[in-house]
Amino acid sequence: MKSVVVVLCFIGAISAQEKLPDCGAYPEKKLEECCGGIEKFIQPQFWGACEGECQHPDMCCKVNCFADKLGIVKDGRFDKDTALGALAATLGDDATWTPIYTQAVETCIADVPQMKENFMKIPDFAKCDTTENAMFAICLKKELLMNCPKATADPECDKIKGFLNCILPK
């Protein structure tokens, strides 16, 4: 009888483990095709450069490299003032983008700790020393796109928004 109880508890524990969300493949359209001006901050060549700098399966290296290239980290960690400075330097200090990226940083500061906690429960999620750097990078990408002042009305762009909402739900 004891072994039956142990087996049932083990099966329950396995079925209760969280999994990465099934968001499908990233849509074909490029982010910069969906939001005019965003390419100044999220430059497409960053990811390619990071793939060249890191070993193939090392996602921790790649996402931290990407966060570093975005200019949102200081001394290896996300830094609010550094991020705001990078956003101002690349998107410009104008009446259109400034409130959007300022709010995006605040939103990500509020949301990333819970996102990290949720993802760290997932057994097959890459555990990095600086997971929050990657989460801030993805969160900023999501928030800037969702609040883009020059958004493109296109079903493929809607798919990108849906994908980002799936991988980083509130």
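The values are calculated or read from the model by the stated rules, or taken from the named source; none is laboratory data. As the structure is a prediction and not an experimental result, all values here were calculated from the model. We place every Cβ from the backbone using ideal geometry, glycine too, and count neighbours over all the protein chains shown.
Key figures for this structure:
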| read-out | value |
| --- | --- |
| Cross-chain or 6+ apart pairs with Cβ under 8 Å, the stretch 143-160 first and closer than 22 Å to residue 99 by Cα and modelled with pLDDT under 90, then of a type in the set (Val, Ile, Thr) and surrounded by 14 or more Cβ atoms within 10 Å (Cβ to Cβ) | none |
| Subset of the stretch 116-137 [surrounded by fewer than 19 Cβ atoms within 10 Å (Cβ to Cβ) and in a helix (DSSP H, G or I)] | 116, 117, 118, 120 |
| Answer from 160, 109 - the residue that is over 22 Å from residue 47 (Cα atoms) and either touching a Gly at 6+ places or on another chain (Cβ under 9 Å) or part of a helix (DSSP H, G or I) (or both) | 109 |
| Those residues of the stretch 75-93 which are more than 24 Å from residue 116 (Cβ to Cβ) and surrounded by 17 or more Cβ atoms within 10 Å (Cβ to Cβ), in sequence order | 90, 91 |
| Within the stretch 46-74, considering residues that are small (Gly, Ala, Ser) and assigned to a helix (DSSP H, G or I), the one surrounded by the fewest Cβ atoms within 10 Å (Cβ to Cβ) | 52 |
| Flag if residue 153 is loosely packed, with under 15 Cβ neighbours inside 10 Å, in a loop (DSSP other than H, G, I, E, B), of a type in the set (Gly, Ala, Ser) and out of contact with any Pro (no Cβ under 6 Å at 6 or more places or on another chain) | yes |
| Top-ranked residue in the stretch 94-115 [being exposed (fewer than 15 other Cβ atoms within 10 Å of the Cβ) and hydroxyl-bearing (Ser, Thr, Tyr); ranked as farthest from residue 37 (Cα to Cα)] | 102 |
| Lone qualifier among 111, 68 - being of a type in the set (Asp, Glu), in contact (Cβ under 8 Å) with a residue 24 or more places away in the chain and closer than 22 Å to residue 160 by Cβ | 111 |
| Number of the exception - residue 105 against (1) more than 14 Å from the chain's Cα centre (by Cα); (2) modelled with pLDDT of 90 or more; (3) closer than 24 Å to residue 169 by Cβ | (1) |
| So residue 25, is it among the hydrophobic types (A, V, I, L, M, F, W, C), touching a helix residue (DSSP H, G or I) at 6+ places or on another chain (Cβ under 9 Å) and at pLDDT 85 or above | no |
